[in-house]
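Note sheet for the following structure.
The values are calculated or read from the model by the stated rules, or taken from the named source; none is laboratory data. Not measured: the values here are computed from a predicted model. No Cβ is skipped: glycine too gets one built from the backbone with ideal geometry, and neighbour counts run over all protein chains shown. Protein only, heavy atoms only, side chains kept; ligands, DNA and RNA dropped before computing areas. Shrake-Rupley method; radii C 1.70, N 1.55, O 1.52, S 1.80 Å.
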Amino acid sequence: LQNDSWGKQYSHALFKAMSHMLCIGYGQQAPEGMTDVWLTMLSMIVGATCYAMFIGHATALIQSLDSSRRQYQEKYKQVEQYMSFHKLPGDTRQRIHEYYEHRYQGKMFDEENILGELSEPLKEEIINFNCRNLVANMPLFANADPNFVTAMLTKLRFEVFQPGDFIIREGTVGKKMYFIQHGVVSILTKGNKETKLSDGSYFGEICLLTRGRRTASVRADTYCRLYSLSVDNFNEVLEEYPMMRRAFETVAMDRLDRIGEDVP
């Protein structure tokens, strides 16, 4: 190539550089003429592009197979960066990690947005299915009007508490009541009385009925999966079903008789 024109020299140099960078073979013999050189380089570019497109589509396909897990991993990376930025202590980071693992179980969905896009009959059907264990374990729901159960379930909000968390603190204003889907809680009163509640029970309704302050604390003894109902939604549902208010009041009075007046 020493005596060839600069066009041939640079063409061969470009060919050599591309063959090294793209790591694509050019056959048994190297091209000799300029037409062969440029056609070979064109074929290498096309081959590299097709290979990159194949890898990209394969990667996108694999990620789309479990998009909810990918969303969870991306979300938790942000949580890790947040904890690192604020230099949170190790035990707090561990509790946050355990909370995310127990709350989302490696999957993350925008459930509120998904349900919001569905029709009301479909939304009610899904909510009833998701809360079927809660309804089956709770006598209040098992014997109630199905329309009341549906109205109540559509207003519930899912929450998770870790062992040792205080779900309700004494002296605070009662803004929520809770239904236990799974777990055990302790009601702690001033007289050092301790009452256990487990799957199918509910608590916190007395303050919603009396509009008073909490007179006891409630602590999670295990990982608790609860559904909460705000005071506004509570009163909204009971206005439509006044007979169910009497059922709540009956249970509340029975609880007062069993453990005294120092209950939430």
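Brief remarks on what is shown
- Computed over protein heavy atoms with a 1.4 Å probe, the accessible surface of the chain works out to 63 Å² per residue.
- Across the stretch 150-156, computed HN-Hα scalar couplings (Karplus, 6.51 cos²θ - 1.76 cosθ + 1.60, θ = phi - 60°) run 5, 4, 6, 5, 5, 9, 7 Hz from first to last residue, x flagging Gly and Pro.
- Approximate spin-label separation F129-Q78, in nm, with each point projected 7 Å along Cα-to-Cβ: 2.9 nm
- Crossing angle, helix 6-22 versus the chain [Cα axis fit, 0-90 degrees, rounded to tens]: 30 degrees
- Angle in degrees between helix 242-259 and the longest Cα principal axis of the chain, rounded to the nearest 10: 70 degrees
- Carbon + sulfur, % of accessible area of the stretch 6-65 - ligands and nucleic acids excluded, 1.4 Å: 68 percent
- From its DSSP helices (H runs of at least four residues, each -39,500 (n - 2.57)), the chain gives a residue-normalised ellipticity at 222 nm of -18000 deg cm²/dmol.
- Using alpha carbons only, the radius of gyration of the chain set against its Kirkwood radius gives Rg/Rh = 1.34.
- Residue separation of K87 and I114 scaled by 0.36 nm, minus their Cα-Cα distance, works out to 6.2 nm of gained length.
- Among G171, G200, G47, the largest mean-square fluctuation in a Gaussian network model of the chain (Cα springs under 10 Å) belongs to G47.
- Label sites at S64 and R95, each approximated as a point 7 angstrom past Cα along Cα to Cβ, lie 4.2 nm apart.
- Under DSSP loop assignment and at most 10 Cβ neighbours within 10 Å, longest trypsin sites (Lys or Arg not before Pro)-free interval of the chain: 88-210
- Pairwise label distance in nanometres, K155 with L42, each label 7 Å out on the Cα-Cβ vector: 7.2 nm
- Normalised contact order of the chain, rounded percent, pairs of Cα under 8 Å and 6 or more residues apart: 16 percent
- Relative to the longest principal axis of the Cα atoms of the chain, helix 90-104 runs at roughly 90 degrees.
- Here the stretch 30-63 and the stretch 150-220 have alpha carbon centers that stand 64 Å from each other.
- For the stretch 111-168, the fraction of alpha-carbon pairs lying more than 15 Å apart is 55 percent, rounded to a whole number.
- Extension gain from S186 to F166, taking 0.36 nm per residue of separation minus the Cα-Cα distance: 6.2 nm
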